[in-house]
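Comments concern the structure below.
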Amino acid sequence: MKRGGKRSGAGRPKGSRQKITEEVLRTAAEAGETPLEYMLRVMRTCDNPDRSDRMAIAAAPYLHVKKTETTDSGGLVVNITPFEASVC
C-alpha cells in the first residue's frame, strides 16, 4: 500500500475562499472602500466583540511588522524587524 505524498482531491479546492473573506470583499466593494478600510471600520464600530477581534486579527499583518529576537555569538540580544511588503 502506498503511503504519503500527494493525493488527488486532497485539500481545499482551488479558487475557494472562506466565508468571511467573501463577506469582507462584497461589503467593501459595495461601500467603495478597500478591504483593509472595511476591516478597520468594523473593528472600531462593531458591537459584537468576537467579530471585532476577528477583524483586528485579519487586519494586523497589513499594519504591523513581526519582530523577532536573536542572539549573536557574543551573547548580545539583537532585535530584527523583517520588512514584508504587502499590497492591499
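Between Lys6, Lys19, which is within 16 Å of the chain's Cα centre (by Cα) and exposed (fewer than 10 other Cβ atoms within 10 Å of the Cβ)?
Only one candidate passes the filter, namely Lys19.
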Handout entry: Within the stretch 26-57, tally of residues that are part of a helix (DSSP H, G or I) and either among the aromatic types (Phe, Trp, Tyr) or loosely packed, with under 14 Cβ neighbours inside 10 Å (or both)
Key = 12
Fill in the blank from the handout: For the stretch 19-32, pairs from a residue that is under 14 Å from Arg54 (Cα atoms) to a residue that is assigned to a helix (DSSP H, G or I), with Cβ under 8 Å and 6 or more apart or across chains, are Ile20/Arg54; Ile20/Ala58; Val24/Pro35; Val24/Tyr38; Val24/Met39; Val24/Ala58
Practice task
For residues that are among the hydroxyl-bearing types (Ser, Thr, Tyr), modelled with pLDDT under 75 and surrounded by 10 or more Cβ atoms within 10 Å (Cβ to Cβ), tally how many sit in the stretch 58-80.
Solution key: 1
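The values are calculated or read from the model by the stated rules, or taken from the named source; none is laboratory data. For clarity, every value in this text was computed on a predicted model and none was experimentally measured. Every residue, glycine as well, gets a Cβ built from its backbone with ideal geometry; the counts of neighbours run over all protein chains shown.
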